[in-house]
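S.K.: Here it is, the structure, as structure tokens.
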Amino acid sequence: MSDDEASKRPGVLATVFAPAKGLLEEVGTLADLAFHAVLWGARPPYRVSLVVTQMEFVGVQSIFLVGLVGLFTGMVFAVQTVYGFRRFGAENMVGGVVALTLSREMAPVLTAIMVAARAGSGMAAELGNMRSSEQIDALETMAVNPVQYLVVPRILAGIVMVPVLALVFFLIGIGGSWAIGVWGMSLDPGIFADRIKTMLVPADLTQGLIKALVFGFTVTLIACRHGYYASGGAVGVGQATTRAVVWSVVAVFLIDYVITSMLTTV
Amino acid sequence: MLDSTDAHVVVEGLVKRYGDRTILHGLDMTIGRAETLVVIGGSGAGKSTLVRHLIALERPTAGRIVIDGTDIASLSDVQLAKARRRFGMVFQKYALFDSMSVFDNVAFPLREQTKLSEKDIREKAMTKLKELGVDHAASLMPSQISGGMAKRVGIARALVMEPELLIYDEPTSGLDPVTSRTVDALIEEMRERFGVTSVVITHDMVSAFDIADRIAMLIKGRVVALGSPAEVLAVDNADVQGFISSSGVDVKRFEHRGNRKTAAELAARARERKAGRAE
Ligand SMILES: Nc1ncnc2c1ncn2[C@@H]1O[C@H](COP(=O)(O)OP(=O)(O)O)[C@@H](O)[C@H]1O
Ligand SMILES: [Mg+2]
């Protein structure tokens, strides 16, 4: 309503703050959906089989991509760090530096982006279709809460599977960097492994897993939000899918900074 | 005509706005127990929006929906879930769950809302599928069946719980004439056997005049005619007359419907059944 009023009398302030207002509303919608997901997730019945189905979906949709991206990320990092560190004769450190970067940043962030692109877009499209073909209304009519039935299992799957996938990303990434470093750039395999052991502390892995967990929640929440509230038929579903991916990626980078600054003491 | 104690659904001053568009402009109507109310009107008149309010899929902007004497807006989540067990809806776009087989779709409300054994569920669901002539498709997925079949499966799913209030949103659109008459017969049968209150949206005027106790005509979110088929035919309103004459329905037909049971008789039987169940 007030949006329409504002567009009839476009003041400078209204124009400048319109996106900010939109963002606030968006956060409000997400918080509301998250609240209901927690509320309904806590209430029986617990639909374990739906959660398992969604975990399979997230895993199957994303594991190949995550592995592939993990492999190349590890390889690229090995090449770049060897190049840089050789300048001051520190190529011994490569294994450790790669492991740190992968565990704290690359694995959770890139995994979340892969999951958003594959599983998140799929969730938004599926829920959007269910909305436009009245399946969500049908659930409600049959006294089944659609948030409990559709949203909760997807968010739980994200919370569980993104950390698992991030771990896969990390391990394959280390493998890729080891392969390039040792076979391609003749680093000493013993030193490479030793530096990983000495430099990588549990807190690095914990930070990575915490991030992955929060991203898993965020990406699936945003995907569900756009699918669940989709409107306007096939076009609307297409838009919902795009928005789900775009906003997930933006949210991942934003939250990454927040968590990093909270968990890292320099 | 309607005894007020027999009112099943009462709509009072129902207004619905989306943004600054008003879709329903203050509707009032009473639907009697075991009555079949047919809602007619052009596309976009607000028919689906009206019936979605009756089962609390939409919240009124203003006004109330009272079912069995209770304002449904006053119900808690849990109470509403309970009330919904007594409602059924056949959706315009079938609304079959496309992740489940036809059989599982029809079994779904039984699994969710009853404690029946899997064997009883199978029997009930298959019986309904058979009644609608789609039992052979039980193991297929919704994407593998035609629109007409999907519609019948949607009807089977709504009927399987034997609800007290059944809403049909264009149950015969997209069906061939023979199947359409089968659906009409089913709507009649639900009413006769179980005393179901039915609200049927249709563009099929043959069907409208065949099954209606009363007809409500909606134009642009307003009720322009409400009454028995004969009364609606006699309404002195150009829009109403235009709608009916352009539908090409044989006006004489409805006058010879034989001896249908009256809504009052059926309502009395429905109450007995309910009392019997409560014991
Ligand atoms: N969720 C909604 N948001 C905005 N407009 C809507 C929504 N649902 C329905 N409408 C509008 O309400 C009007 C009536 O729709 P509907 O009740 O589906 O009509 P009918 O069933 O009579 O064809 C249409 O113009 C439609 O665009
Ligand atoms: Mg409609």
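S.K.: State the answer as a single residue: which of A:THR265, A:PRO163, A:MET185 lies farthest towards the positive end of the charge dipole of the protein assembly as shown, with beta carbon charges of +1 for Lys and Arg and -1 for Asp and Glu, about the Cα centre.
M.R.: A:MET185
S.K.: Looking only at B:VAL78, B:VAL206, B:VAL106, which one moves most when chain B is put into a Gaussian network model with springs between Cα atoms under 10 Å?
M.R.: Result: B:VAL78 has the largest fluctuation of those listed.
S.K.: Now for a separate question. Compute the length gained on full extension between B:ASP20 and B:GLU189: take 0.36 nm times their separation in residues and subtract their Cα-Cα distance, giving the result in nm to one decimal.
M.R.: Numbers: separation 169, 0.36 × 169 = 60.84 nm, distance 4.19 nm.
Result: 56.7 nm gained on full extension.
S.K.: Which of A:THR206, B:THR30 comes first, and how do the rest follow, when ranked by fewest Cβ neighbours within 10 Å? Let's see the in-between values first.
M.R.: Values: A:THR206 13, B:THR30 19.
Taking fewest neighbouring Cβ atoms as first place, the list is A:THR206, B:THR30.
S.K.: Which entries of B:LYS119/B:LYS151; B:LYS115/B:LYS151; B:LYS93/B:LYS119; B:LYS128/B:LYS151 have Cα-Cα distances beyond 23 Å here? Write out the running numbers ahead of the final one.
M.R.: Values: B:LYS119/B:LYS151 25 Å; B:LYS115/B:LYS151 27 Å; B:LYS93/B:LYS119 30 Å; B:LYS128/B:LYS151 13 Å.
With Cα atoms farther than 23 Å apart: B:LYS119/B:LYS151; B:LYS115/B:LYS151; B:LYS93/B:LYS119.
S.K.: Taking Rh as the Kirkwood radius, which is the inverse of the mean 1/r over Cα pairs, what is the Rg/Rh value for the protein assembly as shown? Let's see the in-between values first.
M.R.: Working: Rg = 29.6 Å, Rh = 26.8 Å.
That ratio is 1.10, to two decimals.
S.K.: Arrange B:VAL102, B:VAL235 by Cβ neighbour counts within 10 Å, fewest through most, would you? Walk me through the intermediate numbers first.
M.R.: Details: B:VAL102 27, B:VAL235 17.
In increasing order of surrounding Cβ atoms, one gets B:VAL235, B:VAL102.
S.K.: Now for a different question. Once amide H atoms are built 1.01 Å from N in the peptide plane, which residues 5 or more positions from A:ASP188, or in another chain, come under 5 Å H to H?
M.R.: The list, which skips near neighbours in sequence, is empty: none.
S.K.: Moving to a separate point now. What's the center-to-center distance, using Cα atoms, between segment A:199-244 and segment B:93-107 in Å?
M.R.: About 28 Å separates the Cα centre of segment A:199-244 from the one of segment B:93-107.
S.K.: Still on this structure, I have one more. Mind checking which aspartates and glutamates have their Cα closer than 20 Å to the Cα of A:LYS211? Skip sequence neighbours fewer than 8 apart in that chain.
M.R.: Reachable aspartates and glutamates: A:GLU105, A:ASP256.
S.K.: Return the single residue from A:LYS21, A:LYS197, A:LYS211 with maximal mean-square fluctuation; model: Gaussian network over chain A, springs between Cα atoms under 10 Å.
M.R.: For chain A, modelled as a Gaussian network with Cα springs under 10 Å, the answer is A:LYS21.
S.K.: Moving to a separate point now. Is any residue of segment A:180-217 close enough, with backbone N under 17 Å, to a label point placed 7 angstrom from the Cα of A:VAL76 along the Cα-Cβ axis, and if so, which?
M.R.: Under 17 Å, as judged by backbone N against the label point of A:VAL76, lie A:180-181 of segment A:180-217.
S.K.: I've got another one for you. Please state the relative contact order of chain A as a whole percent: Cα pairs under 8 Å, 6+ residues apart? Working shown, then result.
M.R.: Working: 356 pairs, mean separation 81.9, N = 266.
That works out to 31 percent.
S.K.: Also: Would you mind giving the average projected area, over all directions, of the Cα convex hull of segment A:47-265 in nm² with one decimal?
M.R.: For segment A:47-265, averaging the hull's shadow over all directions gives 13.1 nm².
S.K.: Pull up all non-local amide H partners of B:VAL39: gap of 5 or more, or a different chain, and H-to-H distance under 5 Å with H placed in the peptide plane.
M.R.: B:VAL200, B:ILE201, B:THR202, B:ALA216
S.K.: Starting at the first residue of segment B:22-37, write each ³J(HN,Hα) from the Karplus equation 6.51 cos²θ - 1.76 cosθ + 1.60 with θ = phi - 60°, in whole Hz, x for Gly and Pro.
M.R.: 8, 9, 10, 9, x, 9, 10, 7, 10, 10, x, 5, 6, 8, 10, 9
S.K.: Which whole-Hz couplings ³J(HN,Hα) result when phi for each residue of segment B:165-181 is put into the Karplus expression 6.51 cos²θ - 1.76 cosθ + 1.60, θ = phi - 60°, listed in order with x for Gly and Pro?
M.R.: Residue by residue, segment B:165-181 yields 10, 10, 10, 10, 9, 6, x, 10, 5, x, 9, 6, x, 5, 5, 4, 5 Hz.
S.K.: Which aspartates and glutamates does B:LYS130 reach when only Cα atoms under 20 Å apart count, and residues fewer than 8 places away in its own chain are ignored?
M.R.: Straight-line reach from B:LYS130, under 20 Å: B:ASP104, B:GLU118, B:ASP120, B:GLU162, B:ASP176, B:ASP184, B:GLU188, B:GLU189, B:GLU192.
S.K.: Sequence-distant or interchain residues sharing an amide H contact under 5 Å with A:ALA143, placed H: which?
M.R.: Placed amide hydrogens put nothing under 5 Å from A:ALA143.
S.K.: Based on DSSP H runs of at least 4 residues, each adding -39500 (n - 2.57), what is the mean residue ellipticity at 222 nm of the protein assembly as shown after dividing by all its residues, to the nearest 500 deg cm²/dmol? Walk me through the numbers before you get to the answer.
M.R.: Working: 21 runs with 320 residues, N = 545.
After summing the helix terms and dividing by the residues of the protein assembly as shown, the value is -19500 deg cm²/dmol.
S.K.: Additional query: What residue among A:GLY190, A:GLY175, A:GLY74 has the largest mean-square fluctuation in a Gaussian network model of chain A, using Cα springs under 10 Å?
M.R.: Among A:GLY190, A:GLY175, A:GLY74, the largest mean-square fluctuation in the Gaussian network model of chain A belongs to A:GLY190.
S.K.: P(r) for chain B, please, calculated from all Cα pair distances in 10 Å bins and given in %.
M.R.: 6, 29, 36, 23, 5, 0
Coordinate-derived values only; no laboratory data. Please read these numbers as outputs of a predicted model, since none were measured by experiment. Methodologically, a virtual Cβ is constructed for each residue, glycine included, from the backbone with ideal geometry; neighbour enumeration extends over all protein chains shown.
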